[in-house]
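The values are calculated or read from the model by the stated rules, or taken from the named source; none is laboratory data. Worth saying up front: this structure is predicted, and the values here are computed from it rather than measured. Because the Cβ atoms are built from the backbone with ideal geometry, glycine has one as well, and the counts that use them run over all protein chains shown.
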Amino acid sequence: MDKPKANLFSSIKSLKYLFKKPVTIEIPKVYREAADRYRGFHTNDWDKCIGCGTCSEICPTNAIRMEKVPGYEAGNGQTDERPVIDYGRCCWCGFCVDICTTGSLKMSKDYIFISPDANDFIYIPDEEGINKNYPEEGYRRNDETDLLELERVIMGHLSAEERGDSFIEYVRGYSKEEAIREASRCVECGICTYTCPAHMNIPEYIRTIWEDDLEKGVEYLYKTNPLPGVCGRVCTHKCESVCSLGHRGEPIAIRWLKRYIVDNTPDDEYEKVVLAEVSKPGKGKVAIIGAGPAGLSAAYYLRTLGYEVDVFEQMPLAGGVMRYGIPRYRLPDEALDRDISFIEKIGVRIHTNYKVDKEKFKELKEKYDAVFLSTGFFTGRKLPPHILPGSDHTDVIAAMDFLPKVRDFVRGMGEMPEVGEKVVIIGGGNVGFDVGRSVVRLQRMKYGKVDVTITALESEDILPADREELEEGREEGLKVVFSRGPKEIVIEDGKIKGLLTVKCLRVFDDEGKFNPQFDEEDKLFLEADQIFMAVGQAPDYNYIPDDIMEKLEIVRGKIKADEYGRTNFEWLFVGGDIKEGPDIIHGIANGHNAAKAIDEYLRKKYGIE
Amino acid sequence: MGEIKALQLFHGPNHPGMHGNFSVHIKVDGDIVVEAEANPGMLHRGFEKLMERRNWMQNIALILRVCVVEPDINEAAYSMAVETIEGMDVPERAQWIRVMILEMARIANHLMSLGGIGGPTGLYTGPNWALVDRDLILDIFEKITGARVYHMYIVPGGVRQDVTDEILKDLEKVLDDIEKRLPEYRELILEHPIIQKRTKNIAVLTRDQALSWGVTGIALRATGVDYDVRKYDPYLVYDKVEFDVPTVDFSDAYNRLWLKYQEIYQSIRIIRQVIEKMPSGKVREKLPGNALKWRVKKGDAYVKLESARGEFGYYMVSDGGTKPYRVFVRGASYPQGLLGIEKGLPGTRLEDVAIWLDTMGVCAPEIDR
Ligand code: SF4
Ligand code: SF4
Ligand code: SF4
């Protein structure tokens, strides 16, 4: 390029611009539209936003703080806080939009806001926008800008062939690398904690995995749950249903992460942590009837508080539903044994094969300061013959009469229970699937082939069982028919021929009450030589003395008690299924709460400060 | 009549010839500078220290402030240092896009500095024109990144969003327009006899000075040394595009302007090749987990790039955590802005101080960081 030479006249040419249209514009006469991706003032859809505060965590300038919104009721899975942005600090990076867990927070193309009051620049974004003009959306998050990791680390499973003919645990558990990776997806918002019945310190223990400090993790687990090995496998994980990550992606595998901590902390370190918090026995003795989740949880916390605790269990092994209900392929004995062993190590005495009856109940009441009942819903329910003809046939079996036998068989403590060649199961809940998948395995062992059908009243979209039960059950060869109500068990020559079903049109009425309606003309006959019923379980209160029973209020099979399990008797507390209905984690939470209430009662009784 | 004594003057922070919130204390004897002392601190925001308290992603919103006129070079150097330590692959397309962005930034920077000579010389048409044309580039930045000045676009692992064909078309048009306008700058500024008088033989830097102080970039290339990181140690895809590195062998203010002018053409040439050759594909890889939990492997790296003002580098150390352990920024204009002021200014005339600062491309936060 030639080097310029001095030329006095060259610059005079620029005078031509005097006669051209100016390039500047005069706002507001002319408005300059921002580009499509413009990072302008925020908007936030309050109905979508869950108040998780992740936007405020990522904000590099600390421009966002979370504030309680007056008069705003938070629903399940959210907080009543919403982000407030200080535009005196915001640098318009858009990271808050990139990370927003629900996608409620957006940026608009709006870039002019004028106010003489500096406070107006501190703004709670809503859908209206700072200029109250419902501005057009500007910058948008996409896969590339997303600052969350939406996909869950896949959990390894044994294949259907590998697992289909044995009761071996088929969920492999995360490796260290996988667990850390899964843990690194958590934004530590704590939304899950509110929903977890036991209010476990979920973000805290997930963080310990990410930091590879599992001992600390165990410490967090035991703050609210002394059966983490069990819950890490079979908890109904209500937390995951509200996990912030679930709004745009897959929720954090909270349950599997918990299991990872339990399975990967060596026994000695584990013991150190669990034993650290235990007080020496002082005054106060508590009897617990039933060694299921609620009973064991209450026992653990009472013992740590310094009380003597005896747990009475009618079965040969402690654990209740965890031992005799849930199939082994989901919850192996070893996991349960480990959890229980630590409860025993801190000094809880568990007396198995000890059936409490009315007499013994009275004795316990005398010998102990307080009694906690957690006897569960252990009796299998069946539809009576006037509702389902044929249901009194001996080959019609209730789930809870069958599952304990399977567990005993698998642990070598009993014969293989009878299973037919063609089996139909009534009930599309998790227990129905537990029976179904157990029968599949037994049939494979016995006949080398599978013929099991589950009939559910519900359609596939409202099936009460977990999605994974359905998917994995099907992989194993289970057939499932939806929207079918049982009409009659057809019996010929004293032998079951099958189940006649009719179409179920709807399960719940407009008010959401259970009130099924059927199309009697739409029939389907399912051949079977054995039928199982998984239509719920019931409690058995025969062991409670009549004078006490009279004064207890029973509502739909459950004993009425307050949040802490207090009943009409100041020394009597209840928890678990008989207070809450069947669910392990509720039972554990009940046990913990009852321990607090019992502690309060005993402190008062003995005048302990 | 008393004797005229040496006077001490403040050059900046409020001075049309000062670049940014920076000040030089000058002692003059008559019109001649006797002593010059850089006086930083007005801008000091402790960038390097602040980086240790922000996580890897958050820093993207901070670092670009180390040079307002050419923020993208910071994003690139920072991201590439992270990628080097972590051993991260950057998608091919993202590398081409980065080159495009960096060259756009170079054009914007050079335009501002070319027009900016009007500040210390009184030719105010220059900056006015330059800002208008720079705005054309900023329009494209806005379309690609959503922001005009602070783009926060180049991130560890790639770039934040892909560019569309439509935006590329707009960019081509802007390049054509700027290319058409350049001869007018030549007429207005480079051929202007007064500008020539005010810049030729003024603010001279010798090759020895440049080399011993560590001056790089245009100030060095004007002494005849063709050092340009893009050629000597090519990064991204600079080895896949053709361009020349203009040099002259006398580093005065005029020649430095002249090189900037020529470099704009080269940048246009590079961007056109990028648009033509850029492959399709993804533009970003991410570290595992969410951005609050990104961790970068233990290690350190020095990454250097050719900014509009010379070699620009980030030395970064990670202890394996979620934040940098230490970051050191080699601001490109540091040598000429600090040593240059203290050693080079004495002996020049007072009115030439601003010319020095301007044509050396001194960017205050690169010194005061
Ligand atoms: S745009 Fe960036 S600085 Fe502004 S509130 Fe969001 S995260 Fe904070
Ligand atoms: S990240 Fe999104 S959902 Fe969470 S509080 Fe912020 S705006 Fe609401
Ligand atoms: S598990 Fe989900 S809901 Fe719980 S803290 Fe982590 S991200 Fe939030």
Residue match in region B:171-189 (condition: surrounded by 19 or more Cβ atoms within 10 Å (Cβ to Cβ), within 12 Å of another protein chain (Cβ to nearest Cβ) and part of a loop (DSSP other than H, G, I, E, B)): no
Candidate set: region A:251-272, residues that are away from chain B (no Cβ under 13 Å), in a loop (DSSP other than H, G, I, E, B) and under 14 Å from the mean Cα position of the chain (by Cα); chosen: the one nearest to ligand 3 (Cβ to nearest atom): A:Pro251
Positions within region B:256-289 being in a loop (DSSP other than H, G, I, E, B) and either touching a residue at least 60 places away in the same chain (Cβ under 8 Å) or away from chain A (no Cβ under 12 Å) (or both), in sequence order: B:Met278, B:Pro279, B:Ser280, B:Gly281, B:Lys282, B:Val283, B:Glu285, B:Lys286, B:Leu287
Condition broken by A:Lys21, with the remaining ones in (1) more than 8 Å from every other protein chain (Cβ to nearest Cβ); (2) within 16 Å of ligand 2 (Cβ to nearest atom) satisfied: (2)
Condition check for A:Asp540: out of contact with any helix residue (DSSP H, G or I) (no Cβ under 9 Å at 6 or more places or on another chain), surrounded by 11 or more Cβ atoms within 10 Å (Cβ to Cβ), modelled with pLDDT under 95 and in a loop (DSSP other than H, G, I, E, B): yes
Options B:Leu305, B:Leu292; residue that is within 14 Å of another protein chain (Cβ to nearest Cβ) and among the hydrophobic types (A, V, I, L, M, F, W, C): B:Leu292
Residue under evaluation A:Gln78, criteria (1) in contact with a strand residue (DSSP E or B) (Cβ under 6 Å, 6 or more places away or on another chain); (2) more than 8 Å from every other protein chain (Cβ to nearest Cβ), criterion not met: (1)
Of residues in region A:57-68 being crowded, with 19+ Cβ neighbours inside 10 Å and under 22 Å from A:Glu128 (Cβ atoms), the one farthest from ligand 3 (Cβ to nearest atom): A:Ala63
Test set (1) within 14 Å of chain A (Cβ to nearest Cβ); (2) crowded, with 17+ Cβ neighbours inside 10 Å - B:Val204 fails condition number: (1)
Of all residues making up region A:178-192, the number that are assigned to a helix (DSSP H, G or I) and either within 13 Å of chain B (Cβ to nearest Cβ) or at pLDDT below 95 (or both): 6
Checking A:Gly88 against (1) of a type outside the set (Phe, Trp, Tyr); (2) farther than 26 Å from A:Glu144 by Cβ; (3) touching a Phe, Trp or Tyr at 6+ places or on another chain (Cβ under 6 Å); (4) within 16 Å of ligand 3 (Cβ to nearest atom), the condition it does not meet: (4)
Residue that is nearest to the other protein chains (Cβ to nearest Cβ) [pool: residues in region A:48-75 that are under 27 Å from the mean Cα position of the chain (by Cα) and without any contact (Cβ under 8 Å) to a residue 12 or more places away in the chain]: A:Gly75
Selection count where residues are surrounded by 15 or more Cβ atoms within 10 Å (Cβ to Cβ) and not in a loop (DSSP other than H, G, I, E, B), scope region A:158-177: 3
Meets criteria (touching a His at 6+ places or on another chain (Cβ under 9 Å) and among the acidic types (Asp, Glu)) for A:Glu553: no
Exclusive hit being out of contact with any helix residue (DSSP H, G or I) (no Cβ under 8 Å at 6 or more places or on another chain) and either assigned by TED's automatic domain parsing to the domain that holds A:Ile191 or within 16 Å of ligand 2 (Cβ to nearest atom) (or both), set A:Leu105, A:Leu158, A:Leu147: A:Leu158
Pairs with Cβ under 7 Å, 6+ apart, first in region A:86-111 and closer than 16 Å to A:Ile130 by Cα, second among the basic types (Lys, Arg) and away from ligand 1 (no atom under 13 Å from the Cβ): A:Ser104/A:Lys48
Failed item, numbered, when A:Glu211 is tested on (1) away from every other protein chain (no Cβ under 14 Å); (2) free of Cβ contacts under 8 Å to residues at least 12 places away in the same chain; (3) more than 30 Å from A:Val348 (Cα to Cα): (1)
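Conditions (1) acidic (Asp, Glu); (2) in contact with an Asp or Glu (Cβ under 9 Å, 6 or more places away or on another chain); (3) within 26 Å of A:Val274 (Cα to Cα); (4) within 16 Å of ligand 1 (Cβ to nearest atom), marked per residue:
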| position | (1), (2), (3), (4) |
| --- | --- |
| A:Ala160 | no, yes, no, no |
| A:Asp165 | yes, no, no, no |
| A:Leu214 | no, yes, yes, no |
| A:Asn225 | no, no, yes, no |
Residue match in region B:242-254 (condition: at pLDDT 95 or above, within 14 Å of chain A (Cβ to nearest Cβ), in a loop (DSSP other than H, G, I, E, B) and closer than 30 Å to A:Cys52 by Cβ): no
Lone qualifier among A:Cys100, A:Cys192 - being within 15 Å of ligand 2 (Cβ to nearest atom), under 30 Å from A:Asp434 (Cβ atoms) and out of contact with any strand residue (DSSP E or B) (no Cβ under 6 Å at 6 or more places or on another chain): A:Cys192
Conditions (1) at positive phi; (2) within 16 Å of ligand 3 (Cβ to nearest atom); (3) surrounded by 16 or more Cβ atoms within 10 Å (Cβ to Cβ): number failed by A:Gly103: (3)
Selection status of A:Gly232, more than 30 Å from A:Cys55 (Cβ to Cβ), within 16 Å of ligand 3 (Cβ to nearest atom) and in contact (Cβ under 8 Å) with a residue 12 or more places away in the chain: yes
Among residues of region A:197-208, those that are more than 14 Å from every other protein chain (Cβ to nearest Cβ) and either part of a helix (DSSP H, G or I) or near ligand 3 (Cβ under 9 Å from one of its atoms) (or both), counted: 3
A:Cys239 being touching a residue at least 60 places away in the same chain (Cβ under 8 Å) and either in the same structural domain as A:Asp434 (by TED's automatic domain parsing) or assigned to a helix (DSSP H, G or I) (or both): no
Filter result (assigned to a loop (DSSP other than H, G, I, E, B), more than 10 Å from ligand 1 (Cβ to nearest atom), touching a helix residue (DSSP H, G or I) at 6+ places or on another chain (Cβ under 9 Å) and aliphatic (A, V, I, L, M)) within region A:30-73: A:Ala34, A:Ala35, A:Ile50
Residue that is buried (at least 22 other Cβ atoms within 10 Å of the Cβ), within 14 Å of another protein chain (Cβ to nearest Cβ), within 30 Å of B:Thr164 (Cβ to Cβ) and in contact with a Gly (Cβ under 8 Å, 6 or more places away or on another chain), where the choices are A:Tyr38, A:Tyr111: A:Tyr38
